[in-house]
Amino acid sequence: MKVTNHQENSKNFKLIIGLTYALAASLCMLEYGRPLIDRYLWSGEVGEKIDYIESPVRLTLPKPPELQSPDLPVPSKSESFTIVPNETLIKQPKALLVEMPPEIDFEIAPDTVATPKITTPPLHGFQLDRQPDCTKLLSHLREKIRYPKMMRDISSNGKVYMEVVINPDGNLNKESYKVLRSAHPTFTKEVVRVLNTAPACTPGYKFGKPVPVIMQVPVNFDFKD
């Protein structure tokens, strides 16, 4: 009987599969079979039964030595003791006498520091509650100003604008004179001469009190034949 190639190949394939299964089973036994054997061996189902219970071993420790109190001398009946008070053992220091300094009389000196005088800066007319009255000042300027002869000879005209400060008492502050504009120093000199002799004005008021006020004084020098 002839065996075809197909049958031979089928036998070889089955042989290889059988060897593969056998090898796999061997590996499974090596990997998972050992724990099972150990479990059944310890429980007594596989092999001989082993008795692990042994008689306990008792150890006897030596007894620790007893503590003995030190030998202290025992006083005889003939000996006596005397209790000494603490005052005789500790020497008390002598009291220290501290000399106190003599009493010192303190006098409070009077306050010699002068209180600074607060001055109100000059105000302009629009800042006042009541304007100053300078009617006498303007009349004095019209009556006392004289045309300078030198300026008359050359027929020179011009205006002088002066700024002055009226003190709270109504008098002009001569240190506050300021020339705003002047056609010639000769005209300015004449205006200053008349202002130095001007009468007092009625001061301006702010919050019911007299205050310094800034005022402008224009003077026109106009020469006419």
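The values are calculated or read from the model by the stated rules, or taken from the named source; none is laboratory data. Quick caveat: nothing in here was measured; it's all calculated off a predicted structure. Here Cβ is always computed from backbone atoms with ideal geometry, including for glycine, and neighbour counts include all displayed protein chains.
Scanning for something touching a strand residue (DSSP E or B) at 6+ places or on another chain (Cβ under 6 Å), modelled with pLDDT of 70 or more and outside any loop (DSSP other than H, G, I, E, B), does the range 107-128 turn up at least one residue?
Looking through the range 107-128, at least one residue is touching a strand residue (DSSP E or B) at 6+ places or on another chain (Cβ under 6 Å), modelled with pLDDT of 70 or more and outside any loop (DSSP other than H, G, I, E, B).
Residue check: is residue 146 assigned to a loop (DSSP other than H, G, I, E, B) and either exposed (fewer than 12 other Cβ atoms within 10 Å of the Cβ) or on the phi > 0 side of the Ramachandran plot (or both)?
In short, yes.
Tell me, please, whether a residue that is of a type in the set (Gly, Ala, Ser), in the same structural domain as residue 148 (by TED's automatic domain parsing), part of a strand (DSSP E or B) and over 53 Å from the mean Cα position of the chain (by Cα) can be found in the range 192-201.
no
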